[in-house]
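Since the structure comes first, as structure tokens, the remarks are kept for the end.
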Amino acid sequence: MVALAVLLAAAVLVSGTVPLHKSQLEAWFHQKVKPCTERKGIIDHALLIAELNKRVIKVMKDGSGDCKTISDAIKMIPAGNTKRVIVHIGPGVYDEQVRIEKTKPFVTLFGLPSSMPNLTYSGGATVVVESEYFMASNIIFSNTPLESSGNKIDWKSNDLKSKGEDASSQAQKNSSPKSSGNKIDWKRNDLKSKGEDASWHAQKNSSSKPSEKKSKGAHAQTQAQTETQKQTQTQTQAQTQTQTQIQKQTQTQTQTETQAQAQTQTQALKISGDKAAFYSCKFMGIRDTLHDEQGRHLFKDCTIQGALDFIYGSAKSLYLNSKVHVLADNGLTSIVAPDRSSKSKDTGFVFVHCDVTGTNSETYLGRAGSTHPQAIYAYSNIGVINPAGWFNKLHPHQGAGTNTEFLEYMNQGPGAKTSKSDKFSKSLSASEAQSFISLSYIQASTWLLPAP
């Protein structure tokens, strides 16, 4: 009976879908998501224990806190952590890469809404979260590309040509007889002298006899063969050196191109830990801003900004009352790129009561990130987008239309009124939409807590 009561309480907690009217959203959310003290027997036991034993670590750039960097604060958390650790971050810009390992669950990054700290980095993901039960509130996650000199491939083709020519010239130079080439060691019969002595001895010992002339001709032939062999060896060595130089430069070019490609990504956050919640956070980047890799996540009252595939991954996430802003760009821009690899995978991105903003008429709501992508926009205000709505080209994964689930339900705005391709998108019925526009989509009853 007790177990049944707990299950019924959990069902009540998440029962009902997100309200149609945005004005009712806050009251509905606070009614559904109660503090842990009111949910004993419902939320995960380990989470309850952690919430009842909290610890605060203060990060202040001026040195007035427990440490000056967020990375140092994370180092203070022991592996196998069992307490809710709130990393209270003071105002300012923190230029560092932060990684929260899988062995450090129950971590919260917290900033004040009036002075949100900016966590930024270039050349890799700014923040990587691998642990469970992570939370963030009032945090700016940003990532910017490296300086133009770091982005561009400074590949000097002239250098390769000049170096190749130098090597070739050197080979030719080395293949010609050296100035000391007349000092040839004949090493035949008694003619072992070198230089002019050898030449003088050859002339002195020469005679009109046929045998002597024949011997002299053999010596000359041997000399020519020896010289040819030396030239061949020198040319071979020079060619080998040239090939080695080209190979090294090719490897350098490949490495530079790979680095440049990585630098075009501006991952503000990479999240693979399960059961994570983000409240009133900002994610600022250009391409691949938010790598929602795997796990169940909630993004509420957040802002996500980018230009191309800036929300991607194979997580199962609910984006609630958030702003999705597309940076102005004259070329192709796309918001989501779901990475679901098969229909059996329980993953997808759901946007409910979100605002899609931007001015680029070539913006797509999303495109395939894998063979069975799934993304849903419901109750959202969709601004200016491409009339097709969804896109399934110029991407490694172009699953057939039957494998693509780009879904929409009761949206409004200019982008909601366009004529979208039936091949890639589908309008849901009320009954079909119910499972998506609910906290039960991310099984929130056992782990989701209010904002700290």
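Every number in this text was worked out from the coordinates using simple rules, so none of it is lab data. Keep in mind that this is a model prediction, so the values were computed, not measured. Virtual Cβ from ideal backbone geometry, glycine too; neighbours counted across all protein chains shown.
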Fewest-first ordering of 309, 95 by Cβ atoms within 10 Å yields 95, 309
For the table 102/282; 75/300; 54/102; 58/104; 34/83, the rows whose alpha-carbon distance is greater than 21 Å are 102/282; 75/300
For the range 19-90, the dipole about the Cα centre with charges only on Cβ (Lys and Arg +1, Asp and Glu -1), to the nearest 20 debye, works out at 60 debye
When 28, 447 are ranked with the fewest other C-beta atoms within 10 Å first, the list becomes 28, 447
Once Lys and Arg are counted +1 and Asp and Glu -1 for all other residues with Cβ under 12 Å from that of residue 54, the total becomes +2
If each K or R counts +1 and each D or E counts -1, the residues other than residue 26 whose Cβ falls under 12 Å of its Cβ total +2
For 351, 106, 310, ascending order of other Cβ atoms within 10 Å (fewest first) is 106, 310, 351
Lys and Arg at +1, Asp and Glu at -1: neighbours of residue 100 with Cβ under 14 Å from its Cβ sum to 0
